[in-house]
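Before any comments, here is the structure.
The values are calculated or read from the model by the stated rules, or taken from the named source; none is laboratory data. These figures come from a predicted structure and were not determined experimentally. All Cβ positions, even for glycine, are placed from backbone atoms using ideal geometry, and neighbour counts span all protein chains on display. Surface areas here come from the heavy atoms of the whole protein model, side chains and all, with no ligands, DNA or RNA. Shrake-Rupley method; radii C 1.70, N 1.55, O 1.52, S 1.80 Å.
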Amino acid sequence: MLIVKDLSIERLDKKIFENISLSLAPGNITILKGKNGSGKTTLLKAILNLIEPSFGSIYWKGKLLKKNLYDFYNNVTYISDTTSSLKKLTLADNINIWKKFFISNINDTQIEIALKTLKLDNYLDKKVGTLSFGETKKLEFLRLIIENKNVWVLDEPLSNLDDDSIELMKQTFEDHCEKQGSIIFSSHQNPGIYVTEEMQL
Amino acid sequence: MKFLKKIIFFYYREYKLNMSGVQDILTNIVFFFLSVFIFIFSIGPDKETISTVGVAIVWTLLLLSSTLSLRKFYQDDFENGNLLIIHLNGFSFGFITILKTFSHFLFVQVPFLLSIPIACILLNIPNDKLLYLFTSFGIGSLTLSCLGSISSSMNLMNQRNFLLGSVIVMIFSVPIIIFSVGIINMAQNFNSLINILFGILLIVFAINPWASGLCLKLSIENN
């Protein structure tokens with residue numbers, strides 16, 4: 001369980017946000033809403049211990065996050081707003097690299113099913129650089145499945161997706177929650193996804 | 001055990017990436033050989049002069065060619081967020097820089113190491129100096145990779161002045177050049193000079209993870 005307590009972040013003497021508290025229990029979905037530049041990405045980065053908060057603290061499983069960092073990193077998947085797949089390589093190569101690098105326990109049939117649901121199964125031999133933006137975004141979600149971790153930290157996961165894919169994401173989020181996973185994601189629109197906590201920044 | 005596996009598959013990833021961009025490595029080698037040719041043509045047909053300055057030319061060009069690829073050291077992985085993913089997979093920033101430095105040594109410097117004998121034939125460098133050239137470049141190139149890692153990580157957020165990174169490497173590589181060429185030209189002092197060169201490598205190798213790791217952390221924090 002992740003707990004954020006009275007978190008404030010200042011950068012270059014400018015307050016980005018202050019006194020943010022939230023908790024993320026297993027099976028919960030938290031949405032961070034706010035305008036552009038309101039600090040959604042900064043908060044997500046602070047949760048990942050990439051930005052030093054000015055005040056406040058973050059706890060993971062009852063211990064300070066900093067003292068329990070590697071256990072947290074073993075349980076978290078982060079998807080940023082950039083495409084992390086390697087553009088020079090084919091889709092199959094990318095999947096292969098992820099599977100090995102994350103020492104994934106997902107088997108090939110599960111990946112095939114995921115590829116089919118994401119409608120990416122025809123592009124396996126194509127280089128990622130030739131795919132459209134929406135398709136590379138969907139490829140990022142495949143990483144969620146491959147990494148198979150409990151806590152998902154997602155930055156703007158729903159931008160640039162078509163209606164079918166958003167529907168698919170809803171389903172994926174619900175399935176993950178049923179498996180006692182937890183999700184925190186940022187979004188500036190109201191996607192109609194069932195959430196347990198809504199946080200306005 | 002799991003950590004060891006992750007390291008192995010990190011290199012598998014680097015191998016795949018470098019093989020997909022194998023033309024970049026080849027371009028570096030071609031640049032190296034073309035520069036050697038230009039030197040030969042500009043010096044003229046005097047065999048004696050060429051063999052006297054040959055070692056210095058090889059070393060200078062090796063340095064220049066290896067700084068060409070510096071920009072790619074961390075930039076791609078930083079821009080597409082892979083550096084962050086690797087960090088979240090359990091590698092500290094300092095450790096990433098060590099892994100990356102060895103990867104740069106393997107995929108950029110070793111091809112140069114293999115092309116040295118051919119350059120020696122072109123520049124009429126005697127065969128007995130080849131061993132010294134290999135040893136000095138073997139140690140010197142790893143030092144250059146460490147320096148490259150530091151300068152490249154410092155320049156991650158620098159979007160305008162791309163040459164700055166190469167300038168930093170060149171300033172710090174002056175002592176490496178002095179002692180490396182010294183090894184080849186004064187073979188009787190081989191042991192003492194190689195100790196100094198090795199000493200420089202150890203200093204830079206110790207500073208590298210600390211300095212580059214901090215730069216990577218700051219760049220990701222401010223990106």
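Looking at B:Ile150, B:Ile125, B:Ile139, which is the one that is open to solvent by 20 Å² or more (accessible area, probe 1.4 Å), under 17 Å from B:Gly182 (Cα atoms) and in contact (Cβ under 8 Å) with a residue 60 or more places away in the chain?
Testing whether each residue is open to solvent by 20 Å² or more (accessible area, probe 1.4 Å), under 17 Å from B:Gly182 (Cα atoms) and in contact (Cβ under 8 Å) with a residue 60 or more places away in the chain leaves just B:Ile139.
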Review point. Do you know which of the residues in the range B:47-73 that are among the polar types (S, T, N, Q) and farther than 24 Å from B:Ser20 by Cα is nearest to the other protein chains (Cβ to nearest Cβ)?
Key: B:Thr60
Exercise for review: Consider B:Ile176 carefully, then state whether it is surrounded by fewer than 19 Cβ atoms within 10 Å (Cβ to Cβ), among the β-branched types (Val, Ile, Thr), assigned to a helix (DSSP H, G or I) and modelled with pLDDT of 85 or more.
Suggested key: no
Check your understanding: Among the residues of the range B:180-206 satisfying the criterion of being under 18 Å from B:Ile125 (Cα atoms), among the hydrophobic types (A, V, I, L, M, F, W, C) and crowded, with 18+ Cβ neighbours inside 10 Å, which is modelled with the lowest pLDDT?
Key -> B:Ile184
Study note, to complete from the structure: Scanning the range B:74-111 for residues that are facing chain A (nearest Cβ under 9 Å), touching a residue at least 12 places away in the same chain (Cβ under 8 Å) and among the aliphatic types (A, V, I, L, M) gives B:Leu84, B:Ile86
**Study point:** strands (runs of 3 or more DSSP E) fully within the range A:20-87 counting 1 or more residues that are in contact (Cβ under 8 Å) with a residue 40 or more places away in the chain, buried (at least 16 other Cβ atoms within 10 Å of the Cβ) and within 14 Å of chain B (Cβ to nearest Cβ)
**Key:** A:55-60, A:76-79
Practice item. Look at A:Met169 and say whether it is open to solvent by less than 60 Å² (accessible area, probe 1.4 Å), of a type in the set (A, V, I, L, M, F, W, C) and part of a helix (DSSP H, G or I). Key: yes
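Residues are listed down the side, and each one gets a yes or a no for (1) within 23 Å of B:Phe162 (Cα to Cα); (2) open to solvent by 50 Å² or more (accessible area, probe 1.4 Å); (3) among the basic types (Lys, Arg); (4) over 20 Å from the mean Cα position of the chain (by Cα):
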| site | (1), (2), (3), (4) |
| --- | --- |
| B:Val55 | no, no, no, no |
| B:Thr60 | yes, yes, no, no |
| B:Ser69 | yes, no, no, no |
| B:Leu83 | yes, no, no, yes |
| B:Ile86 | no, no, no, yes |
Check your understanding: How about the range A:88-121: which of its residues are open to solvent by 20 Å² or more (accessible area, probe 1.4 Å), among the aliphatic types (A, V, I, L, M) and not in a loop (DSSP other than H, G, I, E, B)?
Key -> A:Ala92, A:Ile113
Practice item. Would you mind stating whether B:Ser149 is more than 14 Å from chain A (Cβ to nearest Cβ) and over 30 Å from A:Gly39 (Cα atoms)? Key: yes
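Over 18 Å from A:Ser187 (Cβ atoms) and either among the charged types (D, E, K, R) or more than 8 Å from chain B (Cβ to nearest Cβ) (or both): is that true of A:Leu115 in this structure?
In short, yes.
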Practice item. Determine which member of the set A:Lys15, A:Lys40 is touching a Leu at 6+ places or on another chain (Cβ under 6 Å) and more than 17 Å from A:Leu64 (Cβ to Cβ). Key: A:Lys40
Point to revise | Residues that are within 14 Å of chain A (Cβ to nearest Cβ) and closer than 30 Å to B:Asn124 by Cα, drawn from the range B:6-46 | key: B:Val22, B:Gln23, B:Asp24, B:Ile25
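Can B:Met157 be described as at pLDDT below 90 and in a helix (DSSP H, G or I)?
Considered against the rule, which asks whether it is at pLDDT below 90 and in a helix (DSSP H, G or I), B:Met157 comes out as no.
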Check your understanding: Mind checking which residues of the range A:122-164 are under 16 Å from B:Ile85 (Cα atoms), acidic (Asp, Glu) and not in a loop (DSSP other than H, G, I, E, B)?
Key -> A:Glu140, A:Glu147
Exercise for review: Would you check if B:Leu216 is over 20 Å from B:Thr60 (Cα atoms) and among the hydrophobic types (A, V, I, L, M, F, W, C)?
Suggested key: yes
Check your understanding: So how many residues does the range B:100-114 have that are more than 9 Å from the chain's Cα centre (by Cα) and open to solvent by less than 10 Å² (accessible area, probe 1.4 Å)?
Key -> 2
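Going by the structure shown, is B:Ser51 at pLDDT below 85, buried (at least 17 other Cβ atoms within 10 Å of the Cβ) and either of a type in the set (Gly, Ala, Ser) or touching a helix residue (DSSP H, G or I) at 6+ places or on another chain (Cβ under 9 Å) (or both)?
Numbers: at pLDDT below 85: yes; buried (at least 17 other Cβ atoms within 10 Å of the Cβ): no; either of a type in the set (Gly, Ala, Ser) or touching a helix residue (DSSP H, G or I) at 6+ places or on another chain (Cβ under 9 Å) (or both): yes.
In short, no.
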Study note, to complete from the structure: With criteria (1) within 14 Å of another protein chain (Cβ to nearest Cβ); (2) over 26 Å from A:Lys45 (Cα atoms), A:Phe133 comes up short on (2)
